[in-house]
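Participant: I am attaching a structure below and will ask some questions about it afterwards.
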Amino acid sequence: MKTLFDETHLGQMTLKNRFIRAAIGEKTSDGHVNETILSLYKALALGGAGALITGFTLVDENEKNFPLLAFYNDAFREGHKALTDLVHENHAHIILQLVYVGSYVRGDTAGMSVLAPSAVENLNTKVLPQEISVRQIKRIQERFSEAALRAKNAGYDGVEIHAAHGFFLSQFMTPYYNRRTDLYGASAQNRARMALETYAAVREAVGAEFPILIKINVNDGFEGEVRFEDVLYLCKALTEMKIDAIEISGAFRSFPQNATAFFKKEAAQIAAENETKIIMTGGNRDFEEMTAILRHTGIEYFGLARPLITEPDLINRFKALYT
Ligand SMILES: Cc1cc2nc3c(=O)[nH]c(=O)nc-3n(C[C@H](O)[C@H](O)[C@H](O)COP(=O)(O)O)c2cc1C
């Protein structure tokens, strides 16, 4: 019978359990990995999760004003190498999450071009972006692939493409934000094209063996949100293109404090229809519930974000309590 502490293979990684620390954005004033981040990841690695996904990391210098981790050139390499070494010394795996922010930008946008699928004001930030051209689309795909290769060379065990939560890539899937009528809009195939081409570019850069994950939304929580049938199309195409895992997320902030397993229904359906590994993230709190989901659905991994902020050693505590 499957258990949450099974050793499993995710791509070429051998994970000691089915718990993954889901991404939490780290603040850094200059984009570099700093001592605070190193000590946080040491605690997380020692805390027992099989793999840690970093906070979103900028792939394009155009977005350098944001106080997030960055890896858009080799000047950031030393910090990333220190981070991967530290996590490996403490017996966990680490996956770098890659992001292009787009119109979900907070703070100073002076002097930068804020890009989105269409020129539609962002509902959260009220920023009005420019519609991205096909030439700029190709450039951003290249930035993802270059950052992924840097990540591989800096010792990361994999990368995750952030295509969830209203950031740039996810907006292509969302009819409210994507009003295009060219190859990147309108039909399910066209809306999925941006994520699929970005994945293909990253795969080309890092080779067939290096683990690539993608995080997607199954809903957005507002009118004009992503359509689930389009999500199913995207997942099928990603599976055919041999993505290593799909992390299922959505409008997580709309769930009450005591809710659990927010996206169980959608994640279970995606897992039933696709061979690739499914990570379900959002509201994973209850060990017994996760065990039941593992046994009764095809979902294989559980992402935890907020619980590990307050209890970085929660996975070790689960192990002590339940095994
Ligand atoms: C403060 C904060 C920062 C987050 N940063 C990221 C991020 O960088 N990338 C990402 O994909 N998700 C991010 N998330 C979302 C989490 O990864 C996760 O999907 C969400 O919190 C639901 O999981 P949970 O119920 O285990 O917290 C963030 C969430 C919070 C609360």
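Participant: Of the conditions (1) more than 30 Å from His91 (Cβ to Cβ); (2) surrounded by fewer than 21 Cβ atoms within 10 Å (Cβ to Cβ); (3) of a type in the set (A, V, I, L, M); (4) modelled with pLDDT of 95 or more, Ala186 clears all except one; give me its number.
Facilitator: Unmet for Ala186, out of (1) more than 30 Å from His91 (Cβ to Cβ); (2) surrounded by fewer than 21 Cβ atoms within 10 Å (Cβ to Cβ); (3) of a type in the set (A, V, I, L, M); (4) modelled with pLDDT of 95 or more: (4).
Participant: Still on this model: If the requirement is being surrounded by fewer than 22 Cβ atoms within 10 Å (Cβ to Cβ) and among the small types (Gly, Ala, Ser), which of these qualifies: Ala116, Ala75, Ala163?
Facilitator: Ala75
Participant: Residues in region 254-270 that are under 17 Å from the mean Cα position of the chain (by Cα) and of a type in the set (Gly, Ala, Ser): how many?
Facilitator: Qualifying residue count for the region: 1.
Participant: Kindly indicate which of Ala259, Ala251, Ala320 is without any contact (Cβ under 8 Å) to a residue 12 or more places away in the chain, hydrophobic (A, V, I, L, M, F, W, C) and out of contact with any helix residue (DSSP H, G or I) (no Cβ under 9 Å at 6 or more places or on another chain).
Facilitator: Ala320
Participant: Right, Asp30: among the charged types (D, E, K, R), in a loop (DSSP other than H, G, I, E, B) and closer than 22 Å to His162 by Cα or not?
Facilitator: Yes: the conditions hold for Asp30.
Participant: Within the set of pairs 6+ apart or on separate chains, which have a first residue in region 42-60 that is away from the ligand (no atom under 15 Å from the Cβ), a second that is modelled with pLDDT of 95 or more and outside any loop (DSSP other than H, G, I, E, B), and C-beta atoms under 6 Å apart?
Facilitator: Short answer, once both residue conditions are applied: Lys42/Leu86; Ala45/Val87; Gly48/Ile315; Gly48/Asn316; Gly50/Leu15; Gly50/Phe19; Asp60/Arg143.
The values are calculated or read from the model by the stated rules, or taken from the named source; none is laboratory data. These numbers come from a predicted model, not from an experiment. With ideal geometry, Cβ positions are generated from the backbone for all residues, glycine too; neighbour counts draw on all protein chains shown.
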